[in-house]
1. If I ask for residues that are surrounded by fewer than 19 Cβ atoms within 10 Å (Cβ to Cβ), under 21 Å from the mean Cα position of the chain (by Cα) and within 22 Å of Arg151 (Cα to Cα), which ones from the range 68-111 would you list?
2. Test of understanding: among Val218, Val240, which residue is in the same structural domain as Cys255 (by TED's automatic domain parsing), assigned to a strand (DSSP E or B) and surrounded by 14 or more Cβ atoms within 10 Å (Cβ to Cβ)?
3. Looking at Ser305, Ser300, which one is at pLDDT below 85, in contact with an Asp or Glu (Cβ under 6 Å, 6 or more places away or on another chain) and in a loop (DSSP other than H, G, I, E, B)?
4. I'd like to check something: does the range 252-259 contain any residue that is part of a strand (DSSP E or B) and within 30 Å of Leu160 (Cα to Cα)?
5. Take the residues in the range 236-270 that are of a type in the set (Gly, Ala, Ser) and on the phi < 0 side of the Ramachandran plot, then tell me which one is farthest from ligand 1 (Cβ to nearest atom).
6. Out of the residues in the range 213-252 meeting the condition of being without any contact (Cβ under 8 Å) to a residue 60 or more places away in the chain and among the polar types (S, T, N, Q), tell me which one is farthest from Val287 (Cα to Cα).
7. Can you find even one residue in the range 153-172 that is aliphatic (A, V, I, L, M) and at pLDDT below 90?
8. Please tell me if Pro202 is more than 8 Å from ligand 1 (Cβ to nearest atom) and within 21 Å of Thr154 (Cβ to Cβ).
Amino acid sequence: MTALSQAASDGIAPLLRWLDRLPEPVDLMLVCAEHQSEVAGHHPGAAVVRLDACLADLPASALLELVLRGTRVEARLEGCERPDLAARSVDDANRLLTSCARPERVALSSSRAGAGAEDPVLDVRALPLPRRALLSMSAGPSGAAAARPPRAATERERMLDALRSLTAPPPRVRPAPGSGSEPPARPRQPRQRDTLDQHPAPSAMLAASGCTGCGVCVQSCPADALRLEGSPADDGRVRVTLRHLPASCLDCGECVARCPHGALESTGRHTWAGLLACLPQFLASEVLRECARCAEPLPSDSTGSLCEICAFRRANPFGARLPPGVAPGVAPALAGGAPADGEALGGG
Ligand code: SF4
Ligand code: SF4
């Protein structure tokens, strides 16, 4: 999956549309693309749907989206080539449902129990609509389906949308006009988002020290999860502020690996509760300083007026040694065009 272009749960879009058009929820049994054409045993009121991919590729967010349609979901593993991964996704979804204080669970089945009657398996891209649904189609979606916002484009946004819906307080019940009766007391809601604090999300917790504001991390982030902003400082120089957007971060580690000054480190992972809060994380705010010799940005924690290379060259004016961390092949460039012979650096 490319994280931002195609989401792994795109394949269930026809199934979600189908569920939105049904007059009432059905029980769903999901099987893999490789599954045979019939499921043993008869399951009245259930629809057996063959996905166009492996169940193992279905993320927990997709299972939560199905549960939110009011349907009972069962993942059937017979025929699945990676049952362990599929079971892990189901487990993730169920742990999140528990944390959201929801009673629903995604069931898991791997047996071929049952004999005699067999349920047909419906193709996820060719789901038939019952007559009642056809009659109401011209009126468009109604009820919860009509109120539902458009589906998000990325897995991350889909998961956050699902968690927001699962943790939303129930709608307030208004008494009928003139009835005089008080609305029933609303059950006290547990602090549901707090319980999501125990679920690490794939989002890095970052810390910065010695940032120069060079912007390399911002450019290298594939999720646009870092922001670098400049503002005038009191002394006329530029102050840069680096912020992290945990709700967008994919914990890919690119920013940490590419920071040329080793200023970034990953200290752990955010939780889903933190991501739902959607707060940017402050990483660094520094007044930019430049090397007095080459004008390269200086790390904020440097004490001198020269960058590491220029300070080394000043201390070693005859170029007998290379600066620490400099490969021999780059010596001529650092030496300002000095000949390659002997890898000598120009004097300081
Ligand atoms: S964290 Fe590193 S890469 Fe990012 S702006 Fe600061 S110095 Fe540059
Ligand atoms: S780990 Fe760094 S580069 Fe990767 S998505 Fe998060 S902020 Fe961006």
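The values are calculated or read from the model by the stated rules, or taken from the named source; none is laboratory data. What you see is a predicted model, and the numbers here were worked out from it, not measured in a lab. FYI the Cβ positions are ideal-geometry reconstructions off the backbone, even for glycines, and counts take in every protein chain you see.
1. Once the filter is applied, which keeps residues that are surrounded by fewer than 19 Cβ atoms within 10 Å (Cβ to Cβ), under 21 Å from the mean Cα position of the chain (by Cα) and within 22 Å of Arg151 (Cα to Cα), the range 68-111 yields Leu68, Asp92.
2. Numbers: Val218 fails: assigned to a strand (DSSP E or B).
When all the criteria are applied, what remains is Val240.
3. Values: Ser305 fails: in contact with an Asp or Glu (Cβ under 6 Å, 6 or more places away or on another chain).
Within the list Ser305, Ser300, the selection yields Ser300.
4. No, the range 252-259 contains no residue that is part of a strand (DSSP E or B) and within 30 Å of Leu160 (Cα to Cα).
5. Initially, the range 236-270 is screened for residues of a type in the set (Gly, Ala, Ser), giving 236, 247-248, 253, 257, 262-263, 266, 268.
Applying the additional criterion that residues be on the phi < 0 side of the Ramachandran plot yields 247-248, 257, 263, 266.
Working: Ala247: 19, Ser248: 16, Ala257: 10, Ala263: 4, Ser266: 12 Å.
This residue is Ala247.
6. If we take residues in the range 213-252 being without any contact (Cβ under 8 Å) to a residue 60 or more places away in the chain and among the polar types (S, T, N, Q), then Ser220 is farthest from Val287 (Cα to Cα).
7. yes
8. Values: more than 8 Å from ligand 1 (Cβ to nearest atom): yes; within 21 Å of Thr154 (Cβ to Cβ): yes.
Here the answer is yes, as Pro202 does meet what is asked.
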